[in-house]
1. Counting only heavy atoms of the protein chains, get the accessible area per residue of the chain (1.4 Å probe) and round it to a whole Å² value.
2. Relative contact order (percent) for the chain, with alpha-carbon contacts under 8 angstrom and 6 or more residues of separation?
3. Ignoring the sites themselves, what is the longest stretch of the chain with no trypsin sites (Lys or Arg not before Pro) in a DSSP loop and at most 11 other beta-carbon atoms within 10 Å?
4. With the convex hull built on the Cα atoms of the chain, state its orientation-averaged projected area in nm².
5. If you roll a 1.4 angstrom probe over the protein chains with everything in place, what fraction of the accessible area of the chain belongs to carbon and sulfur, to the nearest %?
6. Amide H of residue 91: which non-local residues (sequence gap of 5 or more, or other chain) have their own amide H closer than 5 Å, using H built in the peptide plane?
7. List the residues whose amide H sits under 5 Å from the amide H of residue 34, counting only those 5 or more places along or on another chain, with H placed 1.01 Å from N in the peptide plane.
Amino acid sequence: YEVHDHIFNLKSRVVVGAIRHRTYAVRPDEAGDHVVYAVNYSDGESRIAKTDRRVRMHSVSEATYQAGDTYSVAAGELHDAQLSAHDWGVTLVLTRTVGGTARTIGPWDGPPVLNASRGAASVDILSTLGLKGVRLL
């Protein structure tokens, strides 16, 4: 799901393209149309598990960042970031772990569990983005 938070503070620099960034607030609501999912990470995978915390969500802020701009997101701040009028974009992200459990917001009638693969970008992908010569750690 697009609206999520992180267990770290992050600073993101847009290198190519433009990013529309929005922040959100949620409030508990037994009749809410969204639910909080807890995110757990393991080697190469994310497990997103539905909780019983039903919420209402609303947008708090929205901004568009162009190549060369930098923006920050605090740990625990619900947000989404999407391409803005471009086919693709590149950002560099610096993180500093704070801790806690990451969350994402999904529909109330969504599945109980979602699993997603996670992995480092390959040399081929970096090359396609014009980042030849970048070393993967």
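1. 63
2. About 41 percent, as a whole number.
3. Of all site-free stretches, the longest is 1-117.
4. The directionally averaged projection comes out at 9.2 nm².
5. Result for the chain: 51 percent of the exposed heavy-atom area is carbon or sulfur.
6. Here the answer is 15, since their amide H atoms fall under 5 Å of that of residue 91.
7. Amide H to amide H, under 5 Å and 5 or more residues apart or across chains, residue 34 pairs with 55, 108.
The values are calculated or read from the model by the stated rules, or taken from the named source; none is laboratory data. Quick caveat: nothing in here was measured; it's all calculated off a predicted structure. A quick note on method: Cβ atoms are made from the backbone with ideal geometry, for glycine too, and the neighbour counts reach across all protein chains shown. Protein only, heavy atoms only, side chains kept; ligands, DNA and RNA dropped before computing areas. Shrake-Rupley method; radii C 1.70, N 1.55, O 1.52, S 1.80 Å.
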